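See structure below.
The values are calculated or read from the model by the stated rules, or taken from the named source; none is laboratory data. Note that the structure is predicted; figures quoted are calculated from it, not measured. Glycine also receives a Cβ, built like all others from the backbone with ideal geometry; neighbour counts cover every protein chain displayed. Side chains included, ligands, DNA and RNA excluded: accessible areas come from the protein's heavy atoms. Shrake-Rupley method; radii C 1.70, N 1.55, O 1.52, S 1.80 Å.
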Amino acid sequence: MIPEAIGSLLHYCSKIKALRHGLYLHAAALKTGMLSDVVVSNHVLNMYAKCGKITYARQLFDEMSERNLVSWSAMISGYDQVGQPLLAFDLFSQMRLVPNEYVLASVISACASLMALVQGQQIHAQSLKFGSATISFVSNALISMYMKCGQCNDALCVHDEASELNAVSYNALIAGFVENQQPEKGIEVFKLMHHKGFVPDKYTFAGMLGICNSSDDFWKGTQLHCQAIKLKIDSSAFIGNVIVTMYSKFNLIEEAEKSCRVIEEKDLISWNTLITACSRCKDYKKALSVFKEMSNENCVQPDDFTFAGVLAACAGLASIRHGQQIHANMIRTRQYQDVGVGNALVNMYAKCGSIRNAYDTFSRMLHRNLVSWNTIIAGFGNHGLGVNAIEHFEMMKTLGVKPDSVTFVGLLAACNHAGLVEEGQLYFNSMEETYGISPDLEHFCCIIDLLGRSGRLKEAEEYMKKLPFGHDPIVLGSMLSASRLHGDVVIGEHLARQLLKLQPVTTSPYVLLSNLYAANETWGGVAEAWKMLKGSGLKKEPGHSLIDVMGIFEKFKMADFSHPRIEEIKDILETLNWAVNEVSSNH
């Protein structure tokens, strides 16, 4: 076999990532002595790098008796492509040859991954010195590097000076502006790209769709979706997944599901995206049905993200039955448990009312992070086990885990539910003094609710006066609820007037005020409160119950008789009512 032939075959193996065939060819080159040829060695080195076997590539690189620019380029590029940018940069520092454009592009990409602006600027200077800065893939790498480092103006300068602009150049600018929270500039670049005659590709749309994050961006998002359909790229998993995510942000789960169904070859990310979208839109029942469909198709195996998403759906439904089935599936099919999945299990059991199972899962976790501790603390708090929550907070600190804002929300809520007023005040006051965490609205609501529930309304009012969230509707509502609980009509009326001035978007303030008057037997006030509610145009959302019957969730609303088996339900209720009356009459 001649060197040119083996080199050609190795190059093909690199392109299709055929590692096994590449190993055979490496053995053949070694056996025939062709490995001493630097061109053949470079092909073997490149094959290992492209197949992700970077350790093999480095071993060969170190053993090479002769190295040329291609050898260094292949090795540096390999490190960058497998996500080891620091090793790529270190190797570049050892290189004594004049770098070519391929080396420069790879090491610039490594600087972007490392957010190493100073080093990136130095390599930019080298690329200018050697005349490579205007070559398209070098300038594109520079644009991405500057954008990653937050230097948008520098990225624009590189773009303006580039001699060979292409779609990748514009995509790098769009993605960069989106990452740097400058969506309007991203839209301007998108329009300019059209004006220059470049056809947007899947990377363009991935960047642009990332701009659409709120309901205000609905029309923008649908227009982009229409363009993607027109270009026939909406059915690819790469774009379809982003479209599903976008519609879930608009809380349009039906549109999200339709977009997912259009994807021709769904990958694991497609299924995970749809499950997450269902949970985000609080359609937990659909999330479980999507997981079931995914399992039945047997086309992809669920991963940690799948299990975390579907366990979140179980927690949302408070369905311990489904949660336990999924937990059993994981025990049967997975040898190791990711910390994120462990956290999801703890959360699921806690939300489903089984704090014992939640704590057992937490105790068995081999690795715990801050989220693990926050989850168990919140779980204890929601179950009224304030002392346990405090114990675990202290244990967490002893182990060197630093609490964050979420930790204190769980801790203060735990003190609230357990009536630990002094402890709650102590932890609230320590947030900024000891941990440097400024209390936000959630923490403030917790302390106000804690003091309000315990009847210390005057102290709660003092907090409201000295802290910035005193006039927030949620805080005022919490205080109004506490006033009703303790029958303080004077404070309650004052709070209600403040709250109603803010034009509430829910019926709660009116109902709370009505209940406050009713508890004090001020019936004229009750009538006035309901009159104000009627005049506001708001309607009270009817309460509902969700019941799990053999894995099927049945929803019952007050005064709603639309259930398909309503006649059977009424017969059973009449039978039960008769039985109760019989027992009562006999006693």
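With only Lys, Arg, Asp and Glu charged, each at its Cβ (+1 for the first two, -1 for the last two), find how big the charge dipole of region 368-470 is about the Cα centre; round to the nearest 20 debye.
On the way: 8 positive and 13 negative charges, 21 e Å.
In debye, rounded to 20, region 368-470 gives about 100.
Extent along the principal axes, Cα only, for region 290-359: 35, 24, 17 Å, with the longest axis given first. For region 1-75, the solvent-accessible area of protein heavy atoms averages 55 Å² per residue (probe radius 1.4 Å; ligands and nucleic acids excluded).
So what is the diffusion coefficient of region 385-470 in µm² per second by Stokes-Einstein at 10 °C and 1.306 mPa s, using a Kirkwood Rh over Cα pairs?
Approximately 122 µm²/s, per Stokes-Einstein.
Once the cut-off is 15 Å, how many percent of the Cα-Cα pairs in region 324-429 end up in the long-distance tail? Provide the component values of the computation, followed by the final result.
Working: 3392 of 5565 pairs.
More than 15 Å apart: 61 percent of the Cα pairs in region 324-429.
What separates the Cα centres of region 11-34 and region 374-432 is a distance of 59 Å. Working from label points 7 Å from Cα in the Cα-to-Cβ sense, the residue 547 to residue 356 distance is 2.6 nm. Using Cα centres only, tell me the gap between region 159-175 and region 458-474 in whole Å. Rounded to whole Å, the Cα centres lie 52 Å apart. Taking a ≥ b ≥ c as the square roots of the eigenvalues of the Cα gyration tensor, region 33-108 is classed as oblate, since a/c reaches at least 1.5 and a/b does not exceed b/c.
Go ahead and run the numbers for FRET between residue 397 and residue 160, Cβ-Cβ distance against an R0 of 56 Å, rounding to 0.05.
On the way: r = 52 Å, r/R0 = 0.93.
Rounded to the nearest 0.05, the efficiency is 0.60.
So if each residue of separation counts as 0.36 nm, and I subtract the Cα-Cα distance between residue 4 and residue 433, what length gain in nm does that give?
Details: separation 429, 0.36 × 429 = 154.44 nm, distance 7.11 nm.
Contour length minus the Cα-Cα distance gives 147.3 nm.
The modelled label-to-label distance between residue 462 and residue 267, using points 7 Å beyond Cα along the C-beta direction, is 6.0 nm. Its DSSP H runs of at least 4 residues, each contributing -39,500 (n - 2.57), put the calculated 222 nm mean residue ellipticity of the chain at -23000 deg cm²/dmol, to the nearest 500. Taking one quarter of the surface of the C-alpha convex hull of region 101-157 gives a mean projected area of 3.1 nm².
The loop-placed trypsin sites (Lys or Arg not before Pro) in region 104-204, going by DSSP, that have at most 15 neighbouring Cβ atoms within 10 Å of their Cβ come out as 196.
At full extension, residue 324 and residue 570 could sit 85.3 nm farther apart than now, given 0.36 nm per residue minus the alpha carbon distance.
Enter the accessible area per residue of region 368-470 (Å², integer; probe 1.4 Å; all protein chains in place). Don't jump to the answer; show the numbers that get you there.
Values: 4680 Å² over 103 residues.
Per-residue accessible area for region 368-470 comes out at 45 Å².
Report, in listed order, any pair from 191/249; 501/531; 53/202 with a Cα-Cα distance greater than 19 Å. Over 19 Å apart, Cα to Cα: 191/249; 53/202.
Relative to the longest principal axis of the Cα atoms of the chain, the long axis of helix 237-249 makes an angle of roughly 20 degrees.
Fraction of C-alpha pairs exceeding 15 angstrom in region 320-380: 42 percent, rounded to a whole number.
Residue separation times 0.36 nm, minus the C-alpha to C-alpha distance between residue 486 and residue 556: what's the value? Walk me through the numbers on the way to the answer.
On the way: separation 70, 0.36 × 70 = 25.20 nm, distance 3.23 nm.
Full extension of this stretch gives 22.0 nm more.
Approximating the spin labels as points 7 Å out from Cα along Cα→Cβ, the residue 563-to-residue 93 distance works out to 7.0 nm.
Averaging Cα coordinates gives a centre for region 555-576 and one for region 43-63; these two points are 70 Å apart. Note on region 14-144: semi-axes of the ellipsoid equivalent to its C-alpha gyration tensor, largest first and rounded to whole Å, are 28, 15, 12.
The chain gives an Rg/Rh value of 1.06, both radii derived from C-alpha positions and Rh following Kirkwood.
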